[in-house]
Amino acid sequence: MKNDMRLSTKEIDYILSPLAIRDRANKIFELTKKGKTHFTYHPEAFQSTLDYVLKVIYKNYPDLNIPFHSRWGHFRVGGVDRAQVLSDALSEDKIEKARSKLDLVITSVLLDDGAGPTWQYNEKESGKTFSRSEGLGVASYYLFLAGKLSSDPTKMQADSEGLKNLKAKDIETYFQVSANNPLVGVDGRVQLLNNLGDALTNTKIFKDGRPGNIIDYLIESYGGVVPATAILRAVLDGLGPIWPGRIQANGINLGDVWSHKALGSGFESLVPIHKLSQWMTYSLIEPIIDAGIKVEGVENLTGLAEYRNGGLFIDSGLLSFKDPKEQLESWAPSSEVIIEWRALTVHLLDQIGLGVQKALDKEPKDFPL
């Protein structure tokens, strides 16, 4: 399939929506039940998987007050509420405070790729050490506070010029990278933020060249009540250009969208996931609400097709590889094995979510994924 497809505006709108994610994930699930994918579905394991999820919920959140799965949780690791420290230091103006928080969280999410098995971040202020996503979150917080993402280091913000000027040595310094503390993909992380700097020239969404200007775009477009799906679409439209080598339609980068030949060809073959963009969307909700804007319809977003969730369904026996040897191999994101696993993860999260909501007597809008 050619990298640049010709699609109608209606088809592009569909592919850039949670509805399409669910529709195409369901198609992969139906193929799996017919034995036409690399996986076998074991419905007899559904109840035990659901029971396990409920057990974890009760253990970690006995009051059932569960925060959004977002980057903000990583800013609060180790019992230190860095998010509040930042908020206290920012402008009293609610919208400007939100812009700064959004500047931080958008850049931080983009820096959150796998850190590797050995990298760690030692926080001098607390004396605590963090690894993986938590460590990356804390390190990116201090990179932001240092003004390295801004054209004016005295301002707690990110902007186009600052992001385009970011260098690998900046990441290495603020992420404490050394021969004994290697971080995977430093150059790739820098390139992504450099690409973000270029994308911020989209003045429709980022009027002043800051990631946080997305809140201005949303208020202008929707007023005081913003659908969660509109935040996702703004993220996809605004940040789509930063991803290299992805499928395009009419010159538009579709992002986390892949092709599976079992579904057909062209438009029909596309399987959208939008994992990082949805995690980004969940991470934007808190600052937007803090600014006095109501966000509705969060339940319309999907669960995230990431390795912990996908691993749950393998480890619980709800899914298994038809060929056990495939579980031991490495696969490209574009491979049918990974496309299927991610799509099945999205579908099964929906099913487990419904079971959790029923068991807890919750409505989807009050207890979203």
Touching a Pro at 6+ places or on another chain (Cβ under 9 Å), within 19 Å of L16 (Cβ to Cβ) and open to solvent by less than 10 Å² (accessible area, probe 1.4 Å) - does that describe any residue in the range 160-172?
-> no
Among residues belonging to the range 125-159 that are of a type in the set (D, E, K, R) and either more than 30 Å from K207 (Cβ to Cβ) or in contact with a strand residue (DSSP E or B) (Cβ under 6 Å, 6 or more places away or on another chain) (or both), point out the one that is most open to solvent (accessible area, probe 1.4 Å).
-> E125
Cβ-Cβ under 6 Å pairs, at least 6 apart or on other chains, the range 88-105 side on the phi < 0 side of the Ramachandran plot, far side of a type in the set (K, R) = L90/K97; S91/K97; D103/R210; V105/R71
Criterion: under 14 Å from the mean Cα position of the chain (by Cα) and acidic (D, E) - qualifying residue of E296, E306 = E306
Selected residue (criterion: least open to solvent (accessible area, probe 1.4 Å)) from residues of the range 57-114 that are of a type in the set (K, R) and under 26 Å from G353 (Cα atoms) | R71
Return the residue satisfying two criteria in turn: it lies in the range 218-232 and is within 20 Å of the chain's Cα centre (by Cα) and more than 17 Å from L104 (Cα to Cα), and of such residues it is most open to solvent (accessible area, probe 1.4 Å).
-> T229
Determine the pairs where a residue that is outside any helix (DSSP H, G or I), located within the range 191-219, has a partner that is among the acidic types (D, E) with Cβ atoms under 6 Å apart, the partner being 6 or more residues away or on another chain.
-> K207/D216; G209/D159; R210/D103; R210/D159
Before we move on, is H38 open to solvent by 20 Å² or more (accessible area, probe 1.4 Å), touching a Ser or Thr at 6+ places or on another chain (Cβ under 7 Å) and at pLDDT 95 or above?
-> no
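The values are calculated or read from the model by the stated rules, or taken from the named source; none is laboratory data. Just so it is clear, the model here is predicted, and its values are computed rather than measured. All Cβ positions, glycine included, derive from the backbone under ideal geometry; neighbour counts span all protein chains shown. Protein only, heavy atoms only, side chains kept; ligands, DNA and RNA dropped before computing areas. Shrake-Rupley method; radii C 1.70, N 1.55, O 1.52, S 1.80 Å.
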